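Novice: Have a look at this one before I ask anything.
Please treat every number below as a calculation from the coordinates, not as lab data. This structure is a prediction, so every number in the text was calculated from the model and none was measured. When we count neighbours, we look across all protein chains shown, and the Cβ atoms used for this are built from the backbone with ideal geometry, even at glycine.
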Amino acid sequence: MNNNEFLVLGAGIQGICIALELAKQGKYVTIIDQDTIPFNRASLRNEGKVHLGIVYMNDPTFATPKLMLKASMEFRKSLERWIGDKSYHLGLSNPFYYLVAKDSFLNPEELEMRYQKMEEIFDDYTSKHADWDYLGTKPSYLTKRVSDEKANELFGDEVVQAAFETAEYSVDTELLKKYLTEALLSNPRISFCPNHHIKNISRNNEMLTVSGFVGNKEFRFEAEQVINATWEGKFALDESFGVAKPKDLLHRLKYRVMVKIDPSLLERPSATMVIGKYGDVVIKKDGTAYLSWYPAGCLGWSTEISPPETWNEVSRGIVSEEKANALSSIFLEEIEKWFPGINKSITYLVDGAPIVAYGKTDVDDSNSKLHDRTNIGLKTYGGNYHSIDTGKLTTAPMFAVESVKSILNRVYS
Ligand SMILES: Cc1cc2nc3c(=O)[nH]c(=O)nc-3n(C[C@H](O)[C@H](O)[C@H](O)COP(=O)(O)OP(=O)(O)OC[C@H]3O[C@@H](n4cnc5c(N)ncnc54)[C@H](O)[C@@H]3O)c2cc1C
């Protein structure tokens with residue numbers, strides 16, 4: 001039996017940032033994960049976009065874009081608490097253009113009106129936070145429509161009807177992994193326990209018991225405070241503690257294709273196609289790019305409490321050569337239609353991870369709940385079991401700071 005004051009479950013971006021913030025506040029923390037290394041799942045295998053909110057223009061309340069904007073403005077600053085000046089060196093991509101697809105369910109004029117409202121939200125935020133920055137930059141606007149000639153020149157006119165320049169970037173998730181893992185493993189207040197597959201959480205008087213398996217050997221940890229940050233593993237563990245499955249829980253398995261690009265594309269903007277089932281190209285300064293094409297790359301859909309075991313391999317980067325080749329060719333062929341030159345790329349990695357969200361229908365339904373990402377963050381049960389829905393990479397550092405504050409307030413008030 002292992003006794004702990006603070007036990008964090010899951011060593012992705014969310015669990016790591018929470019452990020680092022607890023340690024910064026002088027607490028001793030144990031963090032456990034089923035994987036052999038930290039940061040090896042969704043936090044690594046994603047697009048790395050630090051959302052300014054402009055992809056969520058179909059949320060009529062603007063609550064989701066507002067939340068993303070705030071989180072994006074706190075992203076670097078929160079990371080600075082744990083990794084110092086490295087937070088200024090996150091390997092920013094080329095900035096994004098947003099491409100309005102010809103069959104987008106919002107047309108360019110409707111989008112422009114909503115982007116205008118986002119500018120007001122942005123101006124309001126920056127006027128109230130003198131020390132604001134977005135990934136170390138200080139953009140003077142979020143989006144600006146480019147001329148049709150420029151849009152045509154860059155993206156052709158087969159599928160794109162308009163384009164907006166934006167201030168949005170992706171960060172390099174490999175760098176995030178490196179910096180956060182180094183900070184975690186070198187922190188004398190944090191113990192990392194790999195290869196621990198958690199199965200159950202229960203109450204034992206005031207204490208909580210977390211149990212599961214290391215290989216085929218059972219383990220049990222006792223803790224005063226448990227923080228569940230296991231992403232797609234979260235809801236099954238919540239249920240073992242007696243927390244009901246949330247309504248409309250949805251897990252989608254989304255693949256990415258990583259390529260080395262032709263040097264002629266090095267100065268090209270990154271691109272996100274909106275609004276519907278489309279894709280993204282993230283151009284990185286090191287001559288590589290992240291590609292996604294939703295119609296071919298969203299290959300799993302599960303409304304169960306946890307996704308099928310078969311998703312586990314791809315989330316650790318294991319994909320058959322046959323599948324990798326098939327996905328790579330279809331991504332390159334489809335994306336070439338709106339990002340000319342991409343088909344000269346050389347694929348070097350194909351993998352994917354689950355996306356946890358709430359909804360019954362897909363993103364091409366304008367009424368889908370997937371356009372609302374506000375039902376995320378920390379919930380506390382019985383005073384000392386805390387469970388966090390990370391929501392996005394973007395929100396994780398901000399949630400870590402806020403969650404630790406809320407937990408410590410409860411413990412010490
Ligand atoms: C393809 C794709 C693209 C995305 N693009 C973006 C983007 O551009 N911008 C953005 O903001 N967000 C994006 N996201 C979402 C983002 O990746 C996630 O919100 C974020 O990484 C979740 O972090 P996490 O720490 O909660 O999860 P993870 O990184 O998955 O960490 C959870 C950890 O818990 C462990 N775990 C799970 N269950 C158990 C168990 N039972 N026992 C022990 N350990 C367990 C796992 O091994 C893992 O290490 C994307 C997601 C995907 C899949």
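Novice: Mind ordering 140-150, 84-94 by average Cβ neighbours within 10 Å, highest first?
Specialist: Final packing ranking: 84-94, 140-150.
Novice: I need the per residue convex hull volume for the range 78-232, using only the alpha carbons, in cubic angstrom as a whole number.
Specialist: Details: hull volume 35.0 nm³, N = 155.
Roughly 226 Å³ of hull volume per residue.
Novice: Stokes-Einstein at 20 °C, 1.002 mPa s, Kirkwood radius from Cα pairs: D for the range 258-338 in µm² s⁻¹?
Specialist: On the way: Rh = 14.3 Å.
It diffuses with D of about 150 µm²/s by this estimate.
Novice: Jot down the per residue volume, in cubic angstrom and as a whole number, of the convex hull over the alpha-carbon atoms of the range 1-117. Write out the running numbers ahead of the final one.
Specialist: Values: hull volume 19.2 nm³, N = 117.
For the range 1-117, the hull spanned by Cα atoms encloses 164 Å³ per residue.
Novice: Another question about this same structure. Lysines near LYS199 by alpha-carbon distance under 17 Å, same-chain residues fewer than 8 away left out - which ones?
Specialist: Cα-Cα hits under 17 Å: LYS217, LYS234, LYS245.
Novice: Kindly give Rg over Rh for the range 176-275, based on alpha-carbon atoms, with the Kirkwood expression for the hydrodynamic radius.
Specialist: Rg divided by Rh gives 1.12.
Novice: Under unit Cβ charges (Lys, Arg +1; Asp, Glu -1), what dipole magnitude, rounded to 20 debye, does the chain have relative to its Cα centre? The partial results should precede the final answer.
Specialist: Values: 48 positive and 56 negative charges, 237 e Å.
Computed charge dipole of the chain: roughly 1140 debye.
Novice: Rounded, prolate or oblate: which fits the range 89-143 when a ≥ b ≥ c are the square roots of the eigenvalues of the alpha-carbon gyration tensor, with rounded for a/c under 1.5 and prolate only if a/b beats b/c?
Specialist: Numbers: a/c = 4.15, a/b = 1.44, b/c = 2.88.
Cα axes put the range 89-143 in the oblate bin.
Novice: Going by a ≥ b ≥ c, the root eigenvalues of the Cα gyration tensor, does the range 297-377 fall in the rounded group (a/c under 1.5), the prolate group (a/b larger than b/c) or the oblate group? Could the numbers behind the result be given before it?
Specialist: Working: a/c = 2.65, a/b = 1.40, b/c = 1.90.
Here the range 297-377 falls in the oblate category.
Novice: Still on this structure: Looking at the range 282-413, how many pairs of lysines come closer than 18 Å at the Cα, when each pair is eight or more places apart or spans two chains?
Specialist: Details: LYS284/LYS344; LYS285/LYS344; LYS360/LYS369; LYS369/LYS392; LYS379/LYS392; LYS379/LYS405.
So the count of such lysine pairs works out to 6.
Novice: Another question, then. In deg cm²/dmol and to the nearest 500, what is the mean residue ellipticity at 222 nm of the chain if only DSSP H runs of at least 4 residues count, each as -39500 (n - 2.57), divided by the residue total?
Specialist: After summing the helix terms and dividing by residue count, I get -9500 deg cm²/dmol.
Novice: Would you list GLU80, GLU334 from fewest to most Cβ contacts within 10 Å?
Specialist: So the ranking, lowest neighbour count to highest, is GLU80, GLU334.
Novice: Of THR310, ILE32, ALA357, which is farthest along the charge dipole of the chain in the positive direction, counting Lys and Arg as +1 and Asp and Glu as -1 at C-beta?
Specialist: Result: ILE32.
Novice: So how strong a dipole does the range 131-187 carry about its Cα centre when Lys and Arg Cβ are +1 and Asp and Glu Cβ are -1, to the nearest 20 debye?
Specialist: Values: 6 positive and 12 negative charges, 50 e Å.
Here the size comes out at about 240 debye.
Novice: Which of the listed residues, ALA183, GLY287, VAL146, is farthest toward the dipole's positive end in the range 139-298, when Lys, Arg count +1 and Asp, Glu count -1 at the beta-carbon?
Specialist: Positive-most Cα among the choices belongs to ALA183.
Novice: Here's something else I'd like to know. How big, in percent, is the set of alpha carbon pairs in the chain lying more than 35 Å apart?
Specialist: Numbers: 21993 of 85078 pairs.
Result for the distance tail: 26 percent.
Novice: What fraction, in whole percent, of alpha-carbon pairs in the range 245-382 exceed 27 Å separation? Mind showing how you got there, number by number?
Specialist: Working: 2653 of 9453 pairs.
Value for the range 245-382: 28 percent of Cα pairs lie more than 27 Å apart.
Novice: Hydropathy at least -0.5 by Kyte-Doolittle, axial extent at least 15 angstrom from the Cα trace: which helices of the chain, defined as entire DSSP H runs, fit?
Specialist: Details: long enough: 13-24 (16 Å, 1.32); 63-83 (29 Å, -0.30); 108-128 (30 Å, -1.48); 173-186 (19 Å, 0.18); 321-336 (22 Å, -0.22); 396-412 (23 Å, 0.55).
Sorted by number, the helices that extend far enough and score high enough are 13-24, 63-83, 173-186, 321-336, 396-412.
Novice: Quick one: pull the percentage of alpha-carbon pairs in the range 81-173 with a separation above 14 Å. Please report the intermediate quantities before stating the final value.
Specialist: Values: 3056 of 4278 pairs.
Counting every Cα pair in the range 81-173, those more than 14 Å apart make up 71 percent.
Novice: Next question. If you wrap a convex hull around the Cα atoms of the range 336-413, how much volume per residue is inside, in Å³?
Specialist: Values: hull volume 12.8 nm³, N = 78.
Given the Cα convex hull of the range 336-413, per-residue volume reads 164 Å³.
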